[in-house]
């Protein structure tokens, strides 16, 4: 497993990448107030055949919170997801 901190706007997103980056990538998203640990059982089963990516959404787990009033609206959450994808999937299909 590789641990990454992905910065997006004013938050730092704790990210875990499991498995081989040459395998198809699965990105797991949790709801609130859960964290990426929600997916631990699924990761164990899938990490040999997939590159499994889990991260703590802003404000939970090991990710930081935003002080901005509107920071938890869907446009910011989608921006976080995009930042994770960009950090994990490079132009050659490998994570950085």
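Computed from the coordinates by the stated procedures, all read-outs in this text should not be read as laboratory data. Here the structure is a predicted model, which is why all the values come from computation and not from measurement. All Cβ positions, glycine included, derive from the backbone under ideal geometry; neighbour counts span all protein chains shown.
Mean separation of Cα pairs under 8 Å and 6 or more residues apart, divided by the residue count, gives the range 2-88 a relative contact order of 33 percent.
Ellipsoid semi-axes for the chain, based on the Cα gyration tensor and the rule √(5λ), read 23, 15, 10 Å when sorted largest first.
Looking at the chain as a GNM with Cα springs under 10 Å, which of 60, 45, 17 has the largest mean-square fluctuation? Looking only at 60, 45, 17, the largest GNM fluctuation is found for 45.
Taking a point 7 Å out from the Cα of residue 9 in the direction of its Cβ, the residues of the range 20-60 whose backbone N falls within less than 17 Å of it are 32, 56-60.
Principal-axis analysis of the Cα atoms of the chain puts helix 74-88 at an angle of about 30° to the longest axis.
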